[in-house]
Amino acid sequence: MSLWVDKYRPVSLAKLDYHKDQSAHLKKLVEGGDFPHLLVYGPSGAGKKTRIMCTLRELYGPGVEKLRIEQCQFTTPSNKKLEISTISSNYHIEVNPSDVGHNDRIVIQELIKNVAQVNQLDTTQQKNFKVVVLTEVDRLTKEAQHALRRTMEKYMSTCRIILCCNSTSKVIPAIRSRCLGLRVAAPSIAEISQILITVCKKEGLTLPHEMAVKVAEKSGRNLRRALLMCEACRVQQYPFNIDKEISEPDWEIYLRETATMIAQQQSPKRLLEVRARLYELLTHCIPPDIIMKGLLKDLLAVCDGQLKAEVVQCAAFYEHRLQQGQKAIYHLEAFVAKFMAIYKRFLEEGIADIF
Amino acid sequence: MQAFLKGGKVSTDKSKVDSPVPSSSAAKKSKDGKLKIVPWIEKYRPKNVEDVAYQDEVIAVLKKSLEGSDLPNLLFYGPPGTGKTSTILAASRQLFGPELYRDRVLELNASDERGISVIREKVKKFAQLTAGGTRSDGKPCPPFKIIILDEADSMTKDAQSALRRTMERESKTTRFCLICNYVTRIIEPITSRCAKFRFKMLAEDILSSRLKKICDEEGVLIEDTVIDAVLKTSEGDMRKAIMTLQSASRLCGKDGTISREMIYNISGVISEDYLDKLIRKCSRDSYEDLDKAIQDVIMEGFAASQLLNQLHDRIIMMENISDKQKSIICEKMAEVDKALMDGADEYLQLMALFSTIMYQTCHES
């Protein structure tokens, strides 16, 4: 039994539920039997991958769905062995080069050259190019992105590259100017709830409209998350109970408690306690920038006007440092300490004003 | 010497006439009768130096040196899409002709391994080979080889310094051509050894005339207003403009006409209305509204860097805030831009920027 997310993933461009115009455009693009390099971007859970797979299917037929996982080995100039897993069919290969960290340049150089330098044997029946799908391009190092530049032009005749990322801010302009950008916006609440209801109907369940909207709102316009949440609700209780709270991940609740602790008391002792909790979150592999954003969201609720602006500025400042630095805990803690200082000063001023 | 020069000239002329440049040959039908499709950026890459648009000074110098069948070491720099790579590729083609081109030109770009070891071995070895002054068919050709180091600003400092001595010692047989976007990233000793050429951002009329020419040849129906839209979104980058044009013509199929919205959509530009809405939100002094608006920006998938770019133009032109406020906002923008380049979170950075703008518009006036 597969999850609903996979089970009801649309497989052809015609079946996509939203952004119909875009699907029509993609279809036209593929009809010619050829397309430029693509750069697909949008928030997570908006259906970027689904669209890519649909496009490939449109291009090559059902053969692309026969996937296999392979391990590829690369050797760096300093003789270090790298291993990366790729997902490929006869027509395309998908890889996430950022898996190998700062050695991603080697993967890009070798892999694309390997794929691109092989010509298709029988060009009468097949397309004369293969497709390389690179995911999480925004996490590629600058060197790797530079490595992509000329490669994209050079091997245009045998290879097309589809890049997939959350934001184009971190993609260098040279690559952006070589690709056709496709923006996949997140589906609206109404669209998500509609999809949830249809999926439930296909499962033979009835999902009340209010419940669907509630789930959709909770999901933060992330369709994948919405479907998973919906399925989780179904497992917990059926028929759906509208009044019941939709369960959230444990770590979100834990994070909210942490934020409350910070707002309650501002002292070195509390800071130490918060630190332990932050470590706890980090050891459970919650990404530090998510922790930071979660904390900010909850902390802002207790602040007012001018203070909010100040807190946001610090959050942005420390998050930037966090990205540059080595260890996340320093920066998270620095943010918490800074917030405590600002907040305490604000409270004391408030008290002073009263007297 | 005179004869040699003459011969050199003849050979370049000849190469111009009958050089089956790979990119153009790819457009021909392949053996099985299938039409191969070439991206327009390759198809319309200038075939000889004179075709390169707008870079008059560079072309004049290059033409002079081509007539003399000699080149200095070159350093091309300038924004992307201004024709740097095209120029040197065309020049070396003219110099050597299609057959010799392969033996005489070594093109290394950032996609090749280019650490210090490669400079020491591959480049040095190639540089040390002597080149004859005649071609296989007996015609004379310049007695040197060209090494093109594309995207040289992504080379390490060590690799660059390894080049220094090689450049001088092999000057008899080898010319180097370095291409980069930022001349500041090239170390001083290298720049002083090269003739530097800056490539200018292309002017709009040049761009539009080229685009129209391409449209004519490809049989694409396009209105002048749409061309303007392409120009506006491409910011003087020829490659981007052509890329946008081709994508648009592919998207709308064989007989559809290209609309302005489509161009904006493809190039990822944020619509003016959306931007207006955002700026209006700032003047309302409600943090919650702002938060929602920024969330929406992220959800719509707009790139923060793009937003920053367009917002900057707007802020400069805004009339209801003073110059001092503008400078404060612009300073914040610069900080945010740097942070974004470093990989900081988009939501937080945008929030920081917009709360600054909000503070400036609502509290400081």
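Below are the figures for this structure:
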quantity: Charge dipole of chain B about the Cα centre (unit charges at C-beta), most positive-ward option of B:68, B:271, B:307; calculated: B:68
quantity: Highest-MSF residue in chain A out of A:92, A:19, A:331 [GNM, Cα springs under 10 Å]; calculated: A:331
quantity: Simple Cβ-charge dipole of region A:96-237, Lys/Arg +1 and Asp/Glu -1, about Cα centre, in debye nearest 20; calculated: 340
quantity: Tilt relative to chain B, helix B:157-169 - C-alpha long axis, 0 to 90 degrees, to 10; calculated: 30
quantity: Net charge dipole size for chain A [Lys, Arg +1 and Asp, Glu -1 on Cβ; Debye, nearest 20]; calculated: 1020
quantity: Packing-based ranking, highest mean first, of B:312-321, B:80-89, B:339-348, A:297-306 given that Cβ atoms within 10 Å are counted; calculated: B:80-89, B:339-348, A:297-306, B:312-321
quantity: Cβ-based charge dipole, chain B, positive-most Cα from B:161, B:233, B:286; calculated: B:161
quantity: Average other protein chain Cβ within 10 Å of Cβ, residues A:303-311; calculated: 4
quantity: FRET efficiency estimate (nearest 0.05) - Cβ-Cβ, residue A:345 to residue A:110, R0 60 angstrom; calculated: 0.60
quantity: Convex hull volume per residue for region A:166-258, taking Cα atoms only, in Å³; calculated: 130
quantity: Relative exposure of B:259, B:192, judged by other C-beta atoms within 10 Å (fewest first); calculated: B:192, B:259
quantity: Per-residue average of Cβ from other chains inside 10 Å of A:177-190; calculated: 5
quantity: Mean separation of Cα contacts under 8 Å, 6 or more apart, over the residue count of region B:72-173: relative contact order %; calculated: 31
quantity: Kirkwood Rh and Cα Rg combined as Rg over Rh, evaluated for region B:120-179; calculated: 1.05
quantity: Radius 10 Å from Cβ of residue B:82, net charge of other residues (Lys, Arg +1; Asp, Glu -1); calculated: +3
quantity: GNM flexibility winner over chain A from A:340, A:152, A:211 (Cα, springs under 10 Å); calculated: A:340
quantity: Simple spin-label estimate for residue A:7 and residue A:141 in nanometres, 7 Å along Cα-Cβ; calculated: 4.4
quantity: Residue A:210 versus residue A:257: modelled label distance in nm, points set 7 Å from Cα along the beta carbon direction; calculated: 3.0
quantity: Principal axis dimensions, largest first and in whole angstrom, of region A:212-355 by Cα; calculated: 56, 42, 25
quantity: Neighbour-count ranking [beta-carbon atoms within 10 angstrom, fewest first] of A:354, A:290, A:108; calculated: A:354, A:290, A:108
quantity: Selection from A:85, A:235, A:261, by position along the positive dipole direction of chain A (Cβ); calculated: A:85
quantity: Ranked list, fewest to most other Cβ atoms within 10 Å of each Cβ, for B:144, A:129; calculated: B:144, A:129
quantity: Cα-based radius of gyration of chain A once divided by 2.2 N^0.38 Å, which approximates compact folds; calculated: 1.18
quantity: Cα radius of gyration and Dmax for region A:90-182 (Å); calculated: 13.0, 40
quantity: Label-point separation in nm, residue A:241 to residue A:21, each point 7 Å along Cα→Cβ; calculated: 4.4
quantity: Estimated dipole of the protein assembly as shown in Debye, rounded to 20 [Cβ of Lys and Arg +1, of Asp and Glu -1, Cα centre]; calculated: 3040
quantity: Candidate aspartates and glutamates for bridging to residue B:63, where Cα separation is under 19 Å - those fewer than 8 sequence places away on the same chain excluded; calculated: B:13, B:50, B:51
quantity: Proximal lysines relative to residue A:244, as straight alpha-carbon distance under 18 Å, when same-chain residues fewer than 8 apart are discounted; calculated: A:214, A:218
quantity: Kirkwood Rh and Cα Rg combined as Rg/Rh, region A:14-83; calculated: 1.12
quantity: Shielding by other protein chains, A:141-147, mean Cβ within 10 Å; calculated: 4
quantity: Stretch gain in nm, segment residue B:122-residue B:289, where the contour uses 0.36 nm per residue and the Cα spacing is subtracted; calculated: 54.2 nm
quantity: Segment residue A:269-residue A:334, length gained on full extension (0.36 nm per residue, minus Cα span); calculated: 21.9 nm
quantity: Above-threshold pairs, the threshold being 19 Å between Cα atoms, out of B:47/B:213; A:49/B:240; A:338/B:326; B:124/B:145; A:27/B:43; calculated: A:49/B:240; A:338/B:326; A:27/B:43
quantity: Shape parameters for the protein assembly as shown, alpha-carbon atoms, Rg then Dmax in Å; calculated: 28.6, 101
quantity: Helix A:142-154 axis, angle to chain A major axis (alpha carbon atoms, nearest 10°); calculated: 20
quantity: Relative packing of peptides A:60-72, B:225-237 - highest average C-beta neighbours within 10 Å first; calculated: B:225-237, A:60-72
quantity: Whole-number D in µm² s⁻¹ for chain B, Kirkwood Cα-pair radius fed into Stokes-Einstein, 25 °C, 0.890 mPa s; calculated: 103
quantity: Dmax and Rg, reported as Rg then Dmax, of region B:235-365 (C-alpha, Å); calculated: 16.8, 55
quantity: FRET E, pair residue B:57, residue B:363, Förster distance 51 Å, beta-carbon r, rounded to 0.05; calculated: 0.55
quantity: Angle in degrees between helix A:288-300 and the longest Cα principal axis of chain A, rounded to the nearest 10; calculated: 40
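Values in this text are rule-based calculations from the coordinates and carry no lab data. Predicted, not measured: the structure shown is a model, and the values here were computed from it. Because the Cβ atoms are built from the backbone with ideal geometry, glycine has one as well, and the counts that use them run over all protein chains shown.
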